[in-house]
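The values are calculated or read from the model by the stated rules, or taken from the named source; none is laboratory data. Just so we're clear, the structure is a prediction, and the values are computed from it rather than from any experiment. FYI the Cβ positions are ideal-geometry reconstructions off the backbone, even for glycines, and counts take in every protein chain you see.
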Amino acid sequence: MKKIPILLLIVPLFLLTQCASEALPGGGPADTIPPQVVFQNFENGAINVDPTQSLIITFSEKLNPEKIQKNISIFPLKENLIKIQYHKRSINISPLNTWDKNAIYTIILEKGISDLRGNSLRQPFQFTFTAGSYMPESAINGKILGMSEKQSARIFLSRYQQNPDSIILHPEYFTQSGPDGGFSFKHMPEDTFYIAAYIDEDKSNTYKKKFDLPCIPQQKYVIADTLGQTFLLQAAPDNFLPGKLIKAESISPSETFLDFSKILSTEIIAHNFIINETPPDTIILDKKTVTLYHQEIESDSLNLSFYKLSDRLGTSLKDSTLNIALKIWQDDLFHFKTFEKHLRVFPDPKLTMISGEFHSRDTSIIELRKELPGFYRLPETKTDQRGKLNLDFSNYDMAENMLTDSLYSFDLSLKAPAEYGRVLAKLENKSDHKLRFVLKNNKNRYECTAGRNGKIIFENVIPAKYSLYYYNDRNGNKKRDLGKLEPFESPEFLIFLEENIDIKARWDTELADPFKIDIDNN
């Protein structure tokens, strides 16, 4: 996609000479402070500006000249052209001819502008002015949820385009988000604008569907007003391009590995896959990769099909069938791999139970019962224990199994039962809406629905500090939908309620103040 032709930049030759002489500052403490505007010669919202007057913006330190030209925009797009000059710490923006008295201009200095150390503006600097006598006071204020501080969103408005791609290509107005995801358009005409936004992941200043992440608005349009309402958009965790299978290989006759181009939905199940006409015994999903554990294949290849897979946004992957060459066992020995609550033995010894000596604080005999082919349940202990497990297969009748060794010893960890806490909260007002409440931190996430009496109860919560959120589960599917662009579907926004909720083991944490949530009035 081509870059939007926003303005014509004219830089005199003597300025290019000066820019080439700029160099990085010398030694001393590292500079991590971004440049700040310390002076501008007329204020945001100014009227009756002299049609020939230049705008002068002075910063707290010298800027990187190479970052200035491509990070200044003027809206709305008109025939008027501007020229930009940079001298010492000041940017001078002037009309090539004159400012149109019938136009209201918004000039944006984007976050790509930086000092000589590479410290960029923390948020865009923008201002509106006119050479005429009228300045509208309406505004559009918004916030993009689900962004990190390191991400930056670009937001576009148009009264004439409705398709998101067309809005981005032919906008009337443009701005960027601040560190908290907030953005604003000041001094807007009182009208209805269609909105589009994306997170510029590759920092190219152009929308590339392969890299950038769309932001889905609560509705397709926003009305400029002075009520101070915040218009919400949801940052999507992925793009809407269909994913595909990148790699498929047999790791062993009972284990197959798949690597996809996108992170898959956590709702996949074993029956989404068929191996030689049979679903796998179990699957392990790790973002983009899936490991299938299945009955041992005795031929030299296996036939794999997968159906109804989707990514985190619900975009479907193409159903596929393929043939994979089988990787045979490299030796006749058993191998062992521990999961959270299971020990996997491969090749499958085809025993319902195995036992061995566990050497830890003392020596004890532990028994492991089979739950799936090759998967044996580890016993729980009162406290976490680490030690060595010695297995002796010589006492088992395993005819036709490949076995050249009967004694095995390997490191093993046994986990004590987890201790949990409970969280209690309450709604002040009863609601017919399908509210879902989310308790989460960086590692754990819990969801529940308020009872008829307005009580919110989270059971079996791992002790830690959490934040509390809610969303309106409009379709009642008990999961948060992130929305779609085409056909448009509004996101179910995750709204913050409270933070630093400290959960302790064997303890009820009760939140004192009831929550009042008014969905009808947002």
* **Residues that are closer than 17 Å to residue 215 by Cα and in a loop (DSSP other than H, G, I, E, B), drawn from the stretch 467-488** => 480, 481, 482, 483, 485, 486, 487, 488
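Would you point out which residue out of 216, 269 is of a type in the set (Val, Ile, Thr) and out of contact with any Leu (no Cβ under 9 Å at 6 or more places or on another chain)?
Sole residue among the options that is of a type in the set (Val, Ile, Thr) and out of contact with any Leu (no Cβ under 9 Å at 6 or more places or on another chain): 269.
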* To do: Determine whether the stretch 83-90 contains at least one residue that is in contact (Cβ under 8 Å) with a residue 24 or more places away in the chain, crowded, with 16+ Cβ neighbours inside 10 Å, among the charged types (D, E, K, R) and more than 30 Å from residue 31 (Cα to Cα).
  => yes
* Asked: Can you tell which of 82, 91, 113 is β-branched (Val, Ile, Thr), modelled with pLDDT under 90 and in the same structural domain as residue 161 (by TED's automatic domain parsing)?
  -> 82
* To do: Could you grab me the full set of residues in the stretch 340-359 that are without any contact (Cβ under 8 Å) to a residue 40 or more places away in the chain and outside any strand (DSSP E or B)?
  => 352
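So which residues in the stretch 258-283 are in a strand (DSSP E or B) and within 20 Å of residue 334 (Cβ to Cβ)?
Listed by number, the list holds a single entry, 282.
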* Hey, does the stretch 465-484 have a residue that's surrounded by 15 or more Cβ atoms within 10 Å (Cβ to Cβ), out of contact with any Phe, Trp or Tyr (no Cβ under 6 Å at 6 or more places or on another chain) and on the phi > 0 side of the Ramachandran plot? -> yes
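Which one of 381, 291 is hydroxyl-bearing (Ser, Thr, Tyr), assigned to a loop (DSSP other than H, G, I, E, B) and either in contact with an Asp or Glu (Cβ under 9 Å, 6 or more places away or on another chain) or on the phi < 0 side of the Ramachandran plot (or both)? Give the steps one after another, and end with the answer.
Details: 291 fails: assigned to a loop (DSSP other than H, G, I, E, B).
Matching residue, one of 381, 291: 381.
Looking at residue 378, is it of a type outside the set (Phe, Trp, Tyr) and either more than 34 Å from the chain's Cα centre (by Cα) or closer than 30 Å to residue 242 by Cα (or both)?
The answer is yes for residue 378.
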* For the subset of the stretch 217-236 comprising residues that are more than 18 Å from residue 175 (Cβ to Cβ) and hydrophobic (A, V, I, L, M, F, W, C), which member is surrounded by the most Cβ atoms within 10 Å (Cβ to Cβ)? -> 236
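Rundown of residues vs (1) farther than 30 Å from residue 442 by Cβ; (2) among the aliphatic types (A, V, I, L, M); (3) in contact with a helix residue (DSSP H, G or I) (Cβ under 9 Å, 6 or more places away or on another chain); (4) not in a strand (DSSP E or B), yes/no style:
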{"position": "100", "(1), (2), (3), (4)": "yes, no, no, yes"}
{"position": "108", "(1), (2), (3), (4)": "yes, yes, yes, no"}
{"position": "117", "(1), (2), (3), (4)": "yes, no, no, yes"}
{"position": "126", "(1), (2), (3), (4)": "yes, no, no, no"}
{"position": "135", "(1), (2), (3), (4)": "yes, yes, no, yes"}
{"position": "141", "(1), (2), (3), (4)": "no, no, no, no"}
{"position": "148", "(1), (2), (3), (4)": "no, no, no, yes"}
* To do: Under 8 Å between Cβ atoms, at least 6 apart or on separate chains: pull out the pairs that start in the stretch 160-177 with a residue that is more than 18 Å from residue 106 (Cα to Cα) and end on any residue that is part of a strand (DSSP E or B) and not polar (S, T, N, Q).
  => 161/194; 162/194; 164/196; 164/214; 165/196
* Asked: Going by the structure shown, is residue 75 modelled with pLDDT under 90 and in contact with a Gly (Cβ under 8 Å, 6 or more places away or on another chain)?
  -> no
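Could you grab me the full set of residues in the stretch 243-280 that are among the aromatic types (Phe, Trp, Tyr) and surrounded by fewer than 20 Cβ atoms within 10 Å (Cβ to Cβ)? Don't jump to the end; show me each part of the working.
Of all residues in the stretch 243-280, those among the aromatic types (Phe, Trp, Tyr) come to 257, 260, 273.
Result: 257, single match.
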